[in-house]
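This report refers to the structure that appears directly beneath it.
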Amino acid sequence: MLSWSEAIGLVADQHGFAGVVSVDRGGEMVFAEAFGFADRAHQLRNTVATPFAIASGTKGLTALTVASLIDDHALDMSTTARSVLGTDLPLVGDDVTIEHLLAHRSGIGDYLDEEAGHKVTDYVLTVPPHELATTGQYLAVLGGHPARFPPGERFCYCNSGYVVLALIAERVSGVAFPQLVAERVCRPAGMADTGFLRSDELPAGAALGYLPLAGRSRTNVFHLPVRGSGDGGIYSTIADINAFWPSLFTGRIVPSRWVAEMVRPRSDVPAESKRYGLGFWLGRHDDTVILEGYDAGVSFRSVHDRATTITCTVISNSSDGAWPIAERLEELLAS
């Protein structure tokens, strides 16, 4: 029987994987290994301590930040977006609530519409990336998108909804969103190396994101906002992601009653073979809770099984790198 390193190494070699992989059981690291380059031009290799962007994996942290504010009575699940937005974003319906936004059931239009058929290499931002450095600046791209359906009618994954949540969180707290996430999620979870980095001034050792262009090493710096917000863009490490899950389920981030609420299924999503709660994907037929992200130069999946306390995490600094490894991990655990 192949070891973890041998089994994962074969898939990594086959697909030219760049990134990190880990398997954790109840706080004990079973396997962790890094592959490929964080910086291709300078031949700097990824390590198990490398910070990577995790794209929409950020949404779980956004949801927890909002839940923390609700627990502090600064917001309520029934709070309407309009009551905080004022005259901003007039196309957001007056009856859209915090709960609708968290559950991707708001029906609002999306500034990054994942159903529009864009290639991951397309330049989809309608303003220069450097003009999206604060959550308030995202107002320039959030406006002008008509609602798709009445709030609560159905599930429709929506990046705009999570930026609106970040904007609401900032306004009711008076604290910038990156600082809010740091104070309310990362600090209690012990995630010291997780934060919203600027892609144009990454610290030494952070992984650059690479586009899937054959024979080229073009980064994603012009494809994504220079600094992320509620919908994505935070950077993290394998160690921090592994610290996150036990912190979540032992109530160190928000009280356990809120954790239960966030992992209660709100929608069945057959197209993804998953369900959705509030900020978290859920296994369709099991107790797994999932954070996942995909973007230009980024792919990420962390699956935590509440029954076995096993966490499998893959982070890649390429658009599709994580998926073959994640599938192999699932096969190995099922065997």
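Key figures
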quantity: Proportion of all alpha-carbon pairs of the stretch 1-73 beyond 14 Å (%); calculated: 72 percent
quantity: Highest average packing first - 118-130, 226-238, 11-23, Cβ atoms within 10 Å; calculated: 226-238, 11-23, 118-130
quantity: Of every Cα-Cα pair in the chain, the percent that sits beyond 26 Å; calculated: 45 percent
quantity: Largest-first ordering by accessible area, 1.4 Å probe, given options Phe177, Phe249, Phe222; calculated: Phe222, Phe249, Phe177
quantity: Carbon and sulfur %, accessible surface of the stretch 99-237 computed with the full protein complex present, 1.4 Å; calculated: 50 percent
quantity: Amide H contacts of Gly230 (H built 1.01 Å from N, under 5 Å, at least 5 apart or other chain); calculated: Ala166
quantity: Fraction in percent of alpha-carbon pairs per bin - 10 Å, the stretch 35-88; calculated: 19, 28, 22, 13, 18, 0
quantity: Computed over the chain: relative contact order in percent, which uses C-alpha pairs under 8 Å that are six or more apart; calculated: 26 percent
quantity: Normalised per residue, the volume of the convex hull around the Cα set of the stretch 260-335 (Å³); calculated: 94 Å³
quantity: Accessible surface, the stretch 12-106, averaged per residue in Å² (probe 1.4 Å); calculated: 41 Å²
quantity: Cα-only radius of gyration and Dmax that characterise the stretch 137-177, units Å; calculated: 11.9, 32
quantity: Alpha-carbon centroids, the stretch 240-279 and the stretch 30-68: separation in whole Å; calculated: 19 Å
quantity: Exposure rank, largest accessible area first [Arg216, Arg105; 1.4 Å]; calculated: Arg216, Arg105
quantity: Overall dimensions of the stretch 38-195 as given by Cα atoms, namely Rg and Dmax in Å; calculated: 16.8, 52
quantity: Per residue, in Å², the accessible surface of the stretch 205-319 once ligands and nucleic acids are set aside, probe 1.4 Å; calculated: 36 Å²
quantity: Kirkwood Rh (inverse of mean 1/r, distinct Cα pairs), the stretch 118-160, angstrom; calculated: 12.7 Å
quantity: Whole-Hz ³J(HN,Hα) from phi, Karplus 6.51 cos²θ - 1.76 cosθ + 1.60, for the stretch 45-55, glycine and proline x; calculated: 7, 5, 10, 5, 9, 5, x, 10, 5, 10, 6
quantity: Sequence-separation-based contact order of the stretch 115-265, relative, with Cα cut under 8 Å and 6+ spacing, percent; calculated: 31 percent
quantity: For the stretch 174-301, the Rg and Dmax computed from alpha carbons only, in angstrom; calculated: 16.2, 50
quantity: Cut-off under 5 Å, modelled amide H: who pairs with Val30 long-range; calculated: Val23, Asp24, Arg25
quantity: The stretch 192-335: relative contact order as a whole-number percent, Cα under 8 Å and 6+ apart; calculated: 19 percent
quantity: Estimated vicinal HN-Hα couplings, Hz - the stretch 8-19 in sequence order (Karplus 6.51, -1.76, 1.60; Gly, Pro = x); calculated: 6, x, 4, 5, 4, 5, 4, 9, x, 5, 10, x
quantity: Whole-Hz ³J(HN,Hα) from phi, Karplus 6.51 cos²θ - 1.76 cosθ + 1.60, for the stretch 327-335, glycine and proline x; calculated: 5, 5, 4, 4, 5, 5, 6, 7, 7
quantity: Helix-only [θ]222 nm of the chain, DSSP H runs n ≥ 4, -39500 (n - 2.57) each, per residue, nearest 500; calculated: -8000 deg cm²/dmol
quantity: Amide H partners (placed H, <5 Å) of Ala38, local residues excluded; calculated: Leu44, Arg45, Asn46
quantity: Dimensionless Rg over Rh [the stretch 197-251; C-alpha; Kirkwood]; calculated: 1.07
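The values are calculated or read from the model by the stated rules, or taken from the named source; none is laboratory data. Fair warning: this is a prediction, and the values are worked out from it, not measured in the lab. Here the Cβ is made from the backbone with ideal geometry for all residues, glycine too, and neighbour counts use every protein chain on show. These accessible areas exclude ligands, DNA and RNA; they are computed on the full protein's heavy atoms, side chains included. Shrake-Rupley method; radii C 1.70, N 1.55, O 1.52, S 1.80 Å.
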